[in-house]
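Quick notes on the structure that follows.
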Amino acid sequence: MEARPSSSLSGRAQVPGDKSISQRALILGALAVGETRISGLLEGDDVLNTAQAMRQLGAKVERTGDGTWSVRGVGVSGFAAPEKPLDFGNSGTGCRLVMGAVAGAPIKATFDGDASLRKRPMGRIFDPLVQMGAKVSTVSEGGRLPLTLAGARDPIPIVYRTPVPSAQIKSAVLLAGLAAPGVTTVIEKEASRDHTELMLRHFGATVAIETEGVHGRKISLTGQPELAGAPVVVPADPSSSAFPLVAALVLEGSDIVLTEVMTNPLRTGLFTTLREMGANIEELNRRDDVGEPMADIRVRSSKLRGVEVPPERAPSMIDEYVVLAVAAAFAEGTTTMRGLHELRVKESDRLAATADMLRVNGVKVEISGDDLIVEGRGHVPGGGLVATHMDHRIAMSALVMGLGSVAGVKVDDMSFIATSFPNFVPLMRRFGAELT
Ligand code: S3P
(Lines give C-alpha, C1' and ligand atoms only; values in the text may rest on other atoms or scores of the structure.)
Protein backbone atom coordinates (compact mmCIF):
# COMPACT_ATOMS: atom_id res chain seq x y z
CA MET A 1 0.00 0.00 0.00
CA GLU A 2 1.02 3.58 -0.59
CA ALA A 3 0.24 6.70 1.44
CA ARG A 4 0.14 9.69 -0.87
CA PRO A 5 0.61 13.33 0.02
CA SER A 6 -2.80 14.33 1.38
CA SER A 7 -4.52 17.58 2.18
CA SER A 8 -6.02 18.37 5.57
CA LEU A 9 -7.87 15.75 7.66
CA SER A 10 -11.25 16.49 9.17
CA GLY A 11 -14.09 14.69 10.93
CA ARG A 12 -14.85 12.70 14.04
CA ALA A 13 -14.33 8.98 14.65
CA GLN A 14 -13.66 6.39 17.30
CA VAL A 15 -10.68 4.07 16.97
CA PRO A 16 -11.16 0.44 18.14
CA GLY A 17 -11.08 -0.66 21.77
CA ASP A 18 -7.90 -0.69 23.81
CA LYS A 19 -5.83 -3.79 23.16
CA SER A 20 -4.42 -4.10 26.69
CA ILE A 21 -7.85 -3.85 28.30
CA SER A 22 -9.46 -6.18 25.74
CA GLN A 23 -6.85 -8.87 26.46
CA ARG A 24 -7.27 -8.52 30.20
CA ALA A 25 -11.08 -8.57 30.05
CA LEU A 26 -11.01 -11.96 28.29
CA ILE A 27 -8.38 -13.44 30.61
CA LEU A 28 -9.93 -12.21 33.87
CA GLY A 29 -13.37 -13.16 32.58
CA ALA A 30 -12.06 -16.70 32.04
CA LEU A 31 -10.60 -16.78 35.59
CA ALA A 32 -13.81 -15.51 37.20
CA VAL A 33 -16.92 -17.36 38.21
CA GLY A 34 -20.09 -16.28 36.36
CA GLU A 35 -20.54 -14.14 33.28
CA THR A 36 -18.42 -11.22 32.10
CA ARG A 37 -20.06 -9.08 29.44
CA ILE A 38 -17.64 -6.99 27.45
CA SER A 39 -18.51 -4.11 25.15
CA GLY A 40 -16.15 -2.31 22.79
CA LEU A 41 -13.78 -5.29 22.62
CA LEU A 42 -11.01 -4.87 20.04
CA GLU A 43 -11.73 -7.51 17.42
CA GLY A 44 -8.15 -7.60 16.15
CA ASP A 45 -6.13 -10.75 15.57
CA ASP A 46 -4.16 -10.45 18.83
CA VAL A 47 -7.31 -10.39 20.93
CA LEU A 48 -9.11 -13.04 18.86
CA ASN A 49 -6.17 -15.39 19.49
CA THR A 50 -6.52 -14.83 23.24
CA ALA A 51 -10.28 -15.52 23.00
CA GLN A 52 -9.46 -18.81 21.30
CA ALA A 53 -6.87 -19.69 23.96
CA MET A 54 -9.44 -19.03 26.70
CA ARG A 55 -11.81 -21.45 24.96
CA GLN A 56 -9.07 -24.07 24.76
CA LEU A 57 -8.54 -23.64 28.52
CA GLY A 58 -12.21 -24.33 29.24
CA ALA A 59 -13.93 -20.93 29.35
CA LYS A 60 -17.06 -20.28 27.31
CA VAL A 61 -16.34 -17.28 25.09
CA GLU A 62 -19.00 -16.00 22.69
CA ARG A 63 -19.37 -13.03 20.40
CA THR A 64 -22.85 -11.64 21.01
CA GLY A 65 -22.70 -8.60 18.69
CA ASP A 66 -20.44 -5.94 17.24
CA GLY A 67 -17.65 -5.69 19.85
CA THR A 68 -19.86 -7.29 22.51
CA TRP A 69 -18.70 -10.55 23.99
CA SER A 70 -19.69 -12.85 26.81
CA VAL A 71 -17.20 -14.90 28.83
CA ARG A 72 -18.21 -17.58 31.32
CA GLY A 73 -15.18 -18.35 33.43
CA VAL A 74 -13.88 -21.42 35.21
CA GLY A 75 -12.65 -19.74 38.43
CA VAL A 76 -9.09 -19.20 39.71
CA SER A 77 -7.03 -22.43 39.15
CA GLY A 78 -9.94 -23.89 37.16
CA PHE A 79 -8.32 -24.06 33.71
CA ALA A 80 -8.57 -27.41 31.87
CA ALA A 81 -5.52 -28.81 30.06
CA PRO A 82 -5.73 -27.76 26.39
CA GLU A 83 -5.57 -30.55 23.82
CA LYS A 84 -3.58 -28.52 21.29
CA PRO A 85 -0.87 -25.83 21.62
CA LEU A 86 -2.11 -22.32 22.36
CA ASP A 87 -1.22 -20.15 19.36
CA PHE A 88 -0.93 -16.45 20.20
CA GLY A 89 0.04 -15.34 16.70
CA ASN A 90 1.82 -11.96 16.90
CA SER A 91 0.79 -11.12 20.48
CA GLY A 92 3.33 -10.84 23.29
CA THR A 93 0.67 -9.60 25.70
CA GLY A 94 -1.75 -12.49 25.10
CA CYS A 95 0.99 -15.09 25.37
CA ARG A 96 2.71 -13.67 28.43
CA LEU A 97 -0.38 -12.90 30.49
CA VAL A 98 -1.83 -16.34 29.79
CA MET A 99 1.50 -17.91 30.82
CA GLY A 100 0.99 -16.24 34.20
CA ALA A 101 -2.61 -17.44 34.46
CA VAL A 102 -1.64 -21.02 33.51
CA ALA A 103 1.25 -21.01 36.03
CA GLY A 104 -1.32 -21.03 38.83
CA ALA A 105 -3.32 -23.99 37.47
CA PRO A 106 -2.34 -27.67 37.81
CA ILE A 107 -2.20 -28.22 34.04
CA LYS A 108 0.33 -28.37 31.22
CA ALA A 109 0.02 -26.15 28.16
CA THR A 110 2.21 -25.48 25.12
CA PHE A 111 2.59 -21.85 24.01
CA ASP A 112 3.43 -20.83 20.46
CA GLY A 113 3.22 -17.88 18.12
CA ASP A 114 4.24 -16.53 14.73
CA ALA A 115 7.82 -15.93 13.53
CA SER A 116 7.92 -12.50 15.25
CA LEU A 117 6.70 -13.84 18.63
CA ARG A 118 9.08 -16.81 18.39
CA LYS A 119 11.98 -14.34 18.40
CA ARG A 120 10.88 -12.50 21.55
CA PRO A 121 12.31 -13.19 25.03
CA MET A 122 10.14 -15.33 27.31
CA GLY A 123 12.67 -15.98 30.11
CA ARG A 124 11.69 -12.63 31.66
CA ILE A 125 8.20 -14.10 32.14
CA PHE A 126 8.93 -17.65 33.20
CA ASP A 127 11.80 -16.80 35.62
CA PRO A 128 9.39 -15.49 38.28
CA LEU A 129 6.79 -18.14 37.39
CA VAL A 130 9.37 -20.87 38.07
CA GLN A 131 10.08 -19.22 41.44
CA MET A 132 6.35 -19.59 42.10
CA GLY A 133 6.49 -23.33 41.37
CA ALA A 134 5.77 -23.63 37.64
CA LYS A 135 7.97 -25.79 35.41
CA VAL A 136 9.03 -24.81 31.91
CA SER A 137 10.51 -26.84 29.13
CA THR A 138 11.57 -25.37 25.84
CA VAL A 139 13.34 -26.90 22.91
CA SER A 140 14.48 -23.60 21.47
CA GLU A 141 17.53 -21.52 22.30
CA GLY A 142 17.35 -18.71 24.85
CA GLY A 143 13.92 -19.53 26.30
CA ARG A 144 11.90 -18.65 23.20
CA LEU A 145 8.63 -20.12 21.92
CA PRO A 146 7.42 -22.79 21.50
CA LEU A 147 7.53 -23.77 25.15
CA THR A 148 5.56 -25.97 27.50
CA LEU A 149 4.58 -24.72 30.91
CA ALA A 150 3.39 -26.96 33.76
CA GLY A 151 1.48 -24.91 36.30
CA ALA A 152 2.17 -25.22 40.02
CA ARG A 153 -0.06 -27.46 42.12
CA ASP A 154 0.70 -25.32 45.17
CA PRO A 155 1.86 -21.93 43.88
CA ILE A 156 4.15 -19.94 46.17
CA PRO A 157 3.48 -16.22 46.70
CA ILE A 158 6.64 -14.19 46.00
CA VAL A 159 7.98 -10.67 46.18
CA TYR A 160 9.31 -9.86 42.72
CA ARG A 161 11.25 -6.84 41.47
CA THR A 162 10.79 -6.58 37.72
CA PRO A 163 14.15 -6.35 35.89
CA VAL A 164 12.68 -3.89 33.36
CA PRO A 165 9.52 -1.80 33.60
CA SER A 166 7.02 -4.15 31.95
CA ALA A 167 3.29 -4.49 32.47
CA GLN A 168 3.49 -7.92 30.89
CA ILE A 169 5.94 -9.25 33.49
CA LYS A 170 4.01 -7.59 36.32
CA SER A 171 0.70 -8.98 35.06
CA ALA A 172 2.03 -12.52 34.60
CA VAL A 173 3.24 -12.60 38.23
CA LEU A 174 -0.03 -11.15 39.56
CA LEU A 175 -2.16 -13.59 37.54
CA ALA A 176 -0.11 -16.52 38.84
CA GLY A 177 -0.41 -15.02 42.34
CA LEU A 178 -4.19 -15.32 42.14
CA ALA A 179 -3.82 -19.05 42.85
CA ALA A 180 -1.21 -18.67 45.62
CA PRO A 181 -2.07 -18.46 49.32
CA GLY A 182 -0.94 -15.17 50.89
CA VAL A 183 0.28 -11.98 49.28
CA THR A 184 2.13 -11.79 45.95
CA THR A 185 4.03 -8.52 45.51
CA VAL A 186 5.50 -6.92 42.40
CA ILE A 187 7.85 -3.96 42.73
CA GLU A 188 8.64 -1.87 39.68
CA LYS A 189 11.20 0.94 39.55
CA GLU A 190 9.15 2.80 36.97
CA ALA A 191 5.38 2.41 36.91
CA SER A 192 4.03 0.53 33.90
CA ARG A 193 0.38 0.47 32.75
CA ASP A 194 -1.87 -0.55 35.66
CA HIS A 195 -4.85 -2.07 33.84
CA THR A 196 -4.34 -5.51 35.41
CA GLU A 197 -4.40 -4.10 38.93
CA LEU A 198 -7.46 -1.95 38.24
CA MET A 199 -9.36 -4.79 36.58
CA LEU A 200 -8.44 -7.31 39.30
CA ARG A 201 -10.06 -4.95 41.81
CA HIS A 202 -13.08 -4.60 39.54
CA PHE A 203 -13.49 -8.41 39.62
CA GLY A 204 -13.31 -8.48 43.42
CA ALA A 205 -9.63 -9.08 44.28
CA THR A 206 -7.83 -7.12 46.99
CA VAL A 207 -4.91 -5.21 45.45
CA ALA A 208 -2.84 -2.62 47.32
CA ILE A 209 -0.94 -0.09 45.19
CA GLU A 210 1.78 2.02 46.82
CA THR A 211 4.39 4.35 45.38
CA GLU A 212 7.99 3.09 45.33
CA GLY A 213 10.77 5.65 45.01
CA VAL A 214 10.27 8.55 42.61
CA HIS A 215 8.68 6.82 39.63
CA GLY A 216 7.94 3.28 40.84
CA ARG A 217 5.15 1.27 42.39
CA LYS A 218 4.65 -1.68 44.73
CA ILE A 219 1.61 -3.81 43.97
CA SER A 220 0.39 -6.43 46.45
CA LEU A 221 -2.32 -8.93 45.60
CA THR A 222 -4.06 -11.07 48.20
CA GLY A 223 -4.19 -14.57 46.74
CA GLN A 224 -7.06 -17.01 46.28
CA PRO A 225 -9.85 -14.46 45.87
CA GLU A 226 -13.28 -15.40 44.54
CA LEU A 227 -13.19 -13.51 41.25
CA ALA A 228 -16.73 -12.68 40.10
CA GLY A 229 -17.60 -11.94 36.47
CA ALA A 230 -18.15 -8.19 35.98
CA PRO A 231 -19.12 -5.94 33.06
CA VAL A 232 -16.24 -4.32 31.16
CA VAL A 233 -16.58 -1.30 28.88
CA VAL A 234 -13.45 -1.01 26.72
CA PRO A 235 -12.55 2.60 25.85
CA ALA A 236 -10.82 3.50 22.56
CA ASP A 237 -7.12 2.64 22.39
CA PRO A 238 -4.81 5.65 22.90
CA SER A 239 -2.04 3.76 21.08
CA SER A 240 -4.24 3.39 17.97
CA SER A 241 -5.47 6.99 18.32
CA ALA A 242 -1.84 8.06 18.01
CA PHE A 243 -1.82 7.41 14.23
CA PRO A 244 -4.68 9.70 13.12
CA LEU A 245 -3.58 12.13 15.84
CA VAL A 246 -0.05 12.56 14.45
CA ALA A 247 -1.39 12.64 10.88
CA ALA A 248 -3.71 15.53 11.83
CA LEU A 249 -0.85 17.40 13.51
CA VAL A 250 1.39 17.28 10.44
CA LEU A 251 -1.21 17.87 7.69
CA GLU A 252 -1.84 21.60 7.49
CA GLY A 253 -5.39 22.78 8.17
CA SER A 254 -6.46 19.54 9.88
CA ASP A 255 -9.02 19.47 12.68
CA ILE A 256 -10.25 16.08 13.91
CA VAL A 257 -11.90 14.60 17.01
CA LEU A 258 -11.14 11.10 18.29
CA THR A 259 -13.90 10.04 20.65
CA GLU A 260 -13.81 8.14 23.97
CA VAL A 261 -10.05 7.67 24.05
CA MET A 262 -8.68 6.13 27.23
CA THR A 263 -6.56 8.71 29.08
CA ASN A 264 -5.00 6.63 31.88
CA PRO A 265 -1.89 8.69 32.77
CA LEU A 266 0.29 5.57 32.47
CA ARG A 267 -0.60 5.51 28.75
CA THR A 268 -0.52 9.16 27.72
CA GLY A 269 3.20 9.97 27.59
CA LEU A 270 2.79 10.66 23.87
CA PHE A 271 0.21 13.40 24.50
CA THR A 272 2.57 15.02 27.03
CA THR A 273 5.50 14.88 24.61
CA LEU A 274 3.54 16.19 21.63
CA ARG A 275 2.23 19.09 23.73
CA GLU A 276 5.82 19.93 24.68
CA MET A 277 6.55 19.96 20.94
CA GLY A 278 3.79 22.54 20.45
CA ALA A 279 0.87 20.29 19.49
CA ASN A 280 -2.66 21.56 19.83
CA ILE A 281 -4.39 18.62 21.59
CA GLU A 282 -7.52 19.26 23.66
CA GLU A 283 -9.31 16.82 25.94
CA LEU A 284 -13.09 17.31 25.83
CA ASN A 285 -15.93 15.58 27.72
CA ARG A 286 -13.69 13.91 30.29
CA ARG A 287 -15.37 10.90 31.93
CA ASP A 288 -14.32 8.51 34.62
CA ASP A 289 -17.32 6.22 35.07
CA VAL A 290 -16.17 2.96 33.44
CA GLY A 291 -13.07 2.06 35.45
CA GLU A 292 -10.60 3.96 33.26
CA PRO A 293 -10.54 7.71 32.48
CA MET A 294 -11.47 8.71 28.93
CA ALA A 295 -12.02 11.86 26.85
CA ASP A 296 -12.71 13.04 23.32
CA ILE A 297 -9.45 14.27 21.84
CA ARG A 298 -9.54 17.26 19.47
CA VAL A 299 -6.40 17.67 17.41
CA ARG A 300 -5.53 20.59 15.13
CA SER A 301 -2.52 20.79 12.87
CA SER A 302 0.39 22.44 14.65
CA LYS A 303 3.92 23.65 14.03
CA LEU A 304 6.08 21.21 15.98
CA ARG A 305 9.56 21.73 17.40
CA GLY A 306 12.14 19.16 18.49
CA VAL A 307 12.34 18.19 22.17
CA GLU A 308 14.24 15.89 24.49
CA VAL A 309 12.14 12.97 25.78
CA PRO A 310 13.37 11.73 29.19
CA PRO A 311 13.93 7.98 29.71
CA GLU A 312 11.54 7.78 32.67
CA ARG A 313 8.68 8.63 30.33
CA ALA A 314 9.24 5.48 28.27
CA PRO A 315 6.81 3.14 30.09
CA SER A 316 3.90 5.55 29.53
CA MET A 317 4.52 5.75 25.77
CA ILE A 318 6.44 2.58 25.01
CA ASP A 319 4.28 1.71 21.98
CA GLU A 320 4.24 5.27 20.63
CA TYR A 321 7.90 5.97 19.83
CA VAL A 322 7.59 4.96 16.19
CA VAL A 323 4.84 7.45 15.48
CA LEU A 324 6.55 10.04 17.69
CA ALA A 325 9.63 9.65 15.47
CA VAL A 326 7.38 10.49 12.51
CA ALA A 327 6.12 13.63 14.28
CA ALA A 328 9.76 14.49 15.09
CA ALA A 329 10.71 14.25 11.41
CA PHE A 330 8.07 16.90 10.57
CA ALA A 331 9.16 19.13 13.49
CA GLU A 332 11.80 21.86 13.30
CA GLY A 333 14.92 20.84 15.20
CA THR A 334 16.32 17.77 16.89
CA THR A 335 14.23 15.32 18.95
CA THR A 336 16.19 13.03 21.26
CA MET A 337 14.31 10.05 22.69
CA ARG A 338 16.24 8.49 25.53
CA GLY A 339 16.27 5.05 27.13
CA LEU A 340 14.59 2.99 24.40
CA HIS A 341 16.25 -0.42 25.06
CA GLU A 342 12.85 -2.15 25.39
CA LEU A 343 12.03 -1.22 21.78
CA ARG A 344 14.55 -3.81 20.65
CA VAL A 345 12.29 -6.65 21.87
CA LYS A 346 8.90 -5.56 20.56
CA GLU A 347 7.10 -7.10 17.55
CA SER A 348 10.30 -6.21 15.66
CA ASP A 349 13.58 -4.60 16.70
CA ARG A 350 11.63 -1.37 16.66
CA LEU A 351 14.61 0.86 17.29
CA ALA A 352 16.36 -0.35 14.12
CA ALA A 353 13.12 -0.59 12.10
CA THR A 354 12.14 3.00 13.03
CA ALA A 355 15.54 4.36 12.03
CA ASP A 356 15.37 2.48 8.70
CA MET A 357 11.81 3.71 8.08
CA LEU A 358 12.97 7.31 8.42
CA ARG A 359 16.25 6.88 6.55
CA VAL A 360 14.71 5.39 3.40
CA ASN A 361 12.44 8.41 3.29
CA GLY A 362 15.19 11.01 3.47
CA VAL A 363 15.10 11.81 7.19
CA LYS A 364 18.36 12.14 9.12
CA VAL A 365 18.33 9.83 12.10
CA GLU A 366 20.84 8.24 14.46
CA ILE A 367 20.79 5.52 17.09
CA SER A 368 23.24 6.24 19.90
CA GLY A 369 23.24 3.51 22.55
CA ASP A 370 19.59 3.27 23.59
CA ASP A 371 18.70 6.73 22.27
CA LEU A 372 17.02 7.67 19.02
CA ILE A 373 17.88 11.07 17.59
CA VAL A 374 15.77 12.49 14.76
CA GLU A 375 16.73 15.64 12.86
CA GLY A 376 13.48 17.42 12.05
CA ARG A 377 13.49 19.69 9.00
CA GLY A 378 9.81 20.61 8.93
CA HIS A 379 9.20 18.35 5.94
CA VAL A 380 9.85 14.73 4.85
CA PRO A 381 10.97 13.92 1.29
CA GLY A 382 9.43 10.39 1.25
CA GLY A 383 9.62 8.19 -1.83
CA GLY A 384 10.83 5.14 0.13
CA LEU A 385 9.56 1.58 0.54
CA VAL A 386 9.39 0.67 4.24
CA ALA A 387 10.13 -2.84 5.53
CA THR A 388 7.54 -3.53 8.24
CA HIS A 389 9.13 -6.68 9.81
CA MET A 390 5.76 -8.16 10.91
CA ASP A 391 5.20 -5.04 13.04
CA HIS A 392 1.81 -3.29 12.85
CA ARG A 393 3.10 -0.06 14.38
CA ILE A 394 5.88 0.30 11.81
CA ALA A 395 3.33 -0.16 9.00
CA MET A 396 0.86 2.42 10.35
CA SER A 397 3.55 4.96 11.27
CA ALA A 398 5.12 4.72 7.81
CA LEU A 399 1.74 5.36 6.18
CA VAL A 400 1.13 8.37 8.44
CA MET A 401 4.52 9.72 7.38
CA GLY A 402 3.63 9.20 3.72
CA LEU A 403 0.49 11.36 4.02
CA GLY A 404 2.59 14.38 4.98
CA SER A 405 5.58 13.63 2.77
CA VAL A 406 6.53 15.21 -0.56
CA ALA A 407 6.62 11.99 -2.63
CA GLY A 408 4.51 9.47 -0.65
CA VAL A 409 5.60 6.34 1.24
CA LYS A 410 5.04 2.66 0.43
CA VAL A 411 4.98 -0.25 2.90
CA ASP A 412 5.84 -3.84 2.01
CA ASP A 413 3.18 -5.59 4.12
CA MET A 414 -0.17 -4.38 5.44
CA SER A 415 -1.34 -7.63 6.98
CA PHE A 416 -0.11 -7.08 10.57
CA ILE A 417 -2.20 -3.91 10.96
CA ALA A 418 -5.11 -6.32 11.62
CA THR A 419 -3.50 -7.36 14.92
CA SER A 420 -4.46 -4.08 16.61
CA PHE A 421 -6.37 -1.75 14.26
CA PRO A 422 -8.35 -3.78 11.70
CA ASN A 423 -10.20 -0.76 10.26
CA PHE A 424 -7.16 1.54 10.06
CA VAL A 425 -7.40 2.10 6.29
CA PRO A 426 -11.14 2.91 6.04
CA LEU A 427 -11.00 5.10 9.16
CA MET A 428 -8.03 7.09 7.85
CA ARG A 429 -9.71 7.45 4.45
CA ARG A 430 -12.84 8.80 6.13
CA PHE A 431 -10.70 11.55 7.66
CA GLY A 432 -9.41 12.32 4.15
CA ALA A 433 -6.18 10.32 3.98
CA GLU A 434 -5.06 9.13 0.55
CA LEU A 435 -4.19 5.46 0.95
CA THR A 436 -4.05 3.50 -2.27
C1 S3P B 1 1.40 -4.28 27.13
C2 S3P B 1 2.60 -3.94 27.70
C3 S3P B 1 3.74 -3.40 26.95
C4 S3P B 1 3.34 -2.95 25.54
C5 S3P B 1 2.41 -3.93 24.88
C6 S3P B 1 1.15 -4.10 25.69
C7 S3P B 1 0.34 -4.81 28.00
O8 S3P B 1 4.74 -4.39 26.85
O9 S3P B 1 4.46 -2.74 24.74
O10 S3P B 1 2.05 -3.48 23.60
O11 S3P B 1 -0.84 -4.85 27.57
O12 S3P B 1 0.64 -5.20 29.14
P13 S3P B 1 5.84 -4.59 28.03
O14 S3P B 1 5.11 -4.89 29.26
O15 S3P B 1 6.71 -5.73 27.62
O16 S3P B 1 6.61 -3.29 28.07
Please verify whether residue 243 is open to solvent by less than 20 Å² (accessible area, probe 1.4 Å), within 16 Å of the ligand (Cβ to nearest atom) and not acidic (Asp, Glu), treating the condition exactly as stated.
yes
Give the number of residues within segment 1-42 that are β-branched (Val, Ile, Thr), surrounded by 24 or more Cβ atoms within 10 Å (Cβ to Cβ) and away from the ligand (no atom under 16 Å from the Cβ).
1
Can you pull out the strands (runs of 3 or more DSSP E) entirely within segment 63-170 that have at least 2 residues that are within 24 Å of residue 33 (Cα to Cα) and open to solvent by 10 Å² or more (accessible area, probe 1.4 Å)?
68-72
If we take segment 239-338, then strands (runs of 3 or more DSSP E) inside it with 2 or more residues that are closer than 24 Å to residue 395 by Cα are 255-262, 294-300, 332-337
Check on residue 190, assigned to a loop (DSSP other than H, G, I, E, B), over 30 Å from residue 301 (Cβ atoms) and out of contact with any Leu (no Cβ under 9 Å at 6 or more places or on another chain)
yes
For segment 350-384, give me the residue count where each residue is at positive phi and either crowded, with 19+ Cβ neighbours inside 10 Å or in a strand (DSSP E or B) (or both).
1
Subset of segment 246-276 [open to solvent by 20 Å² or more (accessible area, probe 1.4 Å), of a type in the set (D, E, K, R) and under 18 Å from the mean Cα position of the chain (by Cα)]
260
Filter segment 299-338 for residues that are out of contact with any strand residue (DSSP E or B) (no Cβ under 7 Å at 6 or more places or on another chain) and among the small types (Gly, Ala, Ser); which is farthest from the ligand (Cβ to nearest atom)?
301
The one condition residue 349 fails out of (1) within 28 Å of residue 235 (Cβ to Cβ); (2) within 16 Å of the ligand (Cβ to nearest atom) is (1)
Which condition breaks for residue 335 when tested against (1) touching a Gly at 6+ places or on another chain (Cβ under 6 Å); (2) open to solvent by 20 Å² or more (accessible area, probe 1.4 Å)?
(2)
Which ones in segment 43-53 are part of a loop (DSSP other than H, G, I, E, B) and either open to solvent by 20 Å² or more (accessible area, probe 1.4 Å) or without any contact (Cβ under 8 Å) to a residue 60 or more places away in the chain (or both)?
43
Quick check on my filter: what residues within segment 74-95 are within 24 Å of the chain's Cα centre (by Cα) and at negative phi?
85, 86, 87, 88, 90, 91, 92, 93, 94, 95
Residue that is farthest from the ligand (Cβ to nearest atom) [pool: residues in segment 54-113 that are charged (D, E, K, R) and in contact (Cβ under 8 Å) with a residue 60 or more places away in the chain]
72
Somewhere in segment 175-186, is a residue hydroxyl-bearing (Ser, Thr, Tyr), within 16 Å of the ligand (Cβ to nearest atom) and either at negative phi or in contact with a Gly (Cβ under 7 Å, 6 or more places away or on another chain) (or both)?
no
Options 148, 162: the member that is within 23 Å of residue 345 (Cα to Cα), more than 16 Å from the ligand (Cβ to nearest atom) and at pLDDT 95 or above
148
Within segment 187-218, the residues that are within 16 Å of the ligand (Cβ to nearest atom), more than 22 Å from residue 290 (Cα to Cα) and free of Cβ contacts under 8 Å to residues at least 60 places away in the same chain are 187, 188, 189, 216, 217
So, in segment 388-404, exactly how many residues are closer than 14 Å to residue 1 by Cβ and assigned to a loop (DSSP other than H, G, I, E, B)?
1
For segment 223-230, state whether one or more residues are closer than 24 Å to residue 417 by Cβ and among the aliphatic types (A, V, I, L, M).
no
Residue within segment 355-367 that is at pLDDT 95 or above and in contact with a Phe, Trp or Tyr (Cβ under 7 Å, 6 or more places away or on another chain) present:
no
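The values are calculated or read from the model by the stated rules, or taken from the named source; none is laboratory data. Being a predicted model, the structure only gives us computed values, none of them experimental. Heads up, the Cβs are rebuilt from the backbone with ideal geometry, glycines too, and the neighbour counts pull from every protein chain shown. Note: areas computed on protein heavy atoms with side chains; ligands, DNA, RNA excluded. Shrake-Rupley method; radii C 1.70, N 1.55, O 1.52, S 1.80 Å.
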